[in-house]
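Below you'll find the structure, written out as structure tokens, and then a few comments.
The values are calculated or read from the model by the stated rules, or taken from the named source; none is laboratory data. Here the structure is a predicted model, which is why all the values come from computation and not from measurement. Cβ atoms come from the backbone with ideal geometry, glycine included; neighbour counts cover every protein chain shown. Remember, those area values only see protein heavy atoms, side chains included, never the ligands or the DNA or RNA. Shrake-Rupley method; radii C 1.70, N 1.55, O 1.52, S 1.80 Å.
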Amino acid sequence: MTSRPLPATADVAADALVREAVARARGAQLGWDLLGVDARAQILERFRQALYARRDEVATLISRENGKPAVEATMTEVATALDFARYYGRIAADVLAPRRLTSATLALWRKRITITHAPHGVVAVISPWNYPFMLPAGIVMPALLAGNAVLLKPSELTPACGALLAEMLRAAGVPTDVLQVLQGDGTIRAAVARGDVDKVFFTGSVSTGRKVAHACAERFVPCALELGGGATRRSSATTPTWSTRRAGSPGALLQRWADLRRPQTRLRGGAGPRSFRGGDAAAPAGVAAQTPRRTTV
């Protein structure tokens, strides 16, 4: 006779799994960032070429695991992922390059402002079942390009699609510890959300998204939520008819690029350096508006 583990036991095991994965990711992330954006873009291009070569295989897996026709999988998932890879690979160097500005205010006209971008560190991506390849790819790829390590938690209903995405990116040159896949049910998902990660991307239902947001808020960890009503349901115990309502839009993923690195601004000139946070009373109003995260003067 076997017994199911107590919920507390399952939570402890899930937390330990996530903790170990985060530790490995942190150990590998710095080297990945130091590799440089051009080298990372070359790896993404190799992934794009491999995805095109294996497009039929990927579409067949999506169809088998998700239920959508292979033709639809090719057009809405594989083709879109190919577009994402090409788009992000082309713009990465320009978007992440340092920018130098001059102040528009007379009081700071002698200052020189430099905006650079630093990766968040370890980014968690919790993806849904309805677009099990395209949606995670659209977040994982720019996160990697920006120099982050990624923990990918695919839906427990479509685990093989997430595993294949990671396998192809690793084959293209992404280190194993930089991109890890954590398989499992809601216990693992909850552990990822409350784990020691630096940002969380979640796509799924409103009810689960609320729980993810609460877990992140307790630790002041930024999160991005794309919420809808696309959770699966069975209409019959003998006829597995799945709900195929679709939540979100692929175009929304393109707006997340700026969220994957933290802007940092430096002002040079004047009577020596001092530090403040954007929005502080001591901060020049124009600078506070330009630097929502961190400002050094």
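Values computed for the structure shown
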{"item": "Cleavage-rule hits, chymotrypsin sites (Phe, Trp or Tyr not before Pro), segment 124-227, DSSP coil, Cβ neighbours within 10 Å at most 10", "result": "Phe220"}
{"item": "Stretch gain in nm, segment Ala23-Tyr87, where the contour uses 0.36 nm per residue and the Cα spacing is subtracted", "result": "19.9 nm"}
{"item": "Protein accessible area in segment 88-162, 1.4 Å probe - carbon and sulfur %", "result": "58"}
{"item": "Candidate aspartates and glutamates for bridging to Lys111, where Cα separation is under 20 Å - those fewer than 8 sequence places away on the same chain excluded", "result": "Asp280"}
{"item": "Formal net charge of residues neighbouring Ala70 (Cβ-Cβ distance under 11 Å; K, R +1; D, E -1)", "result": "-1"}
{"item": "Segment 1-102: C-alpha gyration tensor shape, a/c 1.5 cut-off, then a/b vs b/c", "result": "oblate"}
{"item": "13 Å beta-carbon shell around Asp56, net charge (K/R +1, D/E -1)", "result": "+1"}
{"item": "Accessible area (Å², 1.4 Å probe, nearest 10) - Asp38", "result": "100"}
{"item": "Per residue accessible area of segment 67-167, 1.4 Å probe, in Å²", "result": "37"}
{"item": "Lys/Arg +1, Asp/Glu -1 at C-beta; segment 43-185 dipole; positive extreme among Ala171, Ala85, Pro119", "result": "Pro119"}
{"item": "Counted charge near Met134, where neighbours are those whose Cβ lies closer than 10 Å (Asp, Glu -1; Lys, Arg +1)", "result": "-2"}
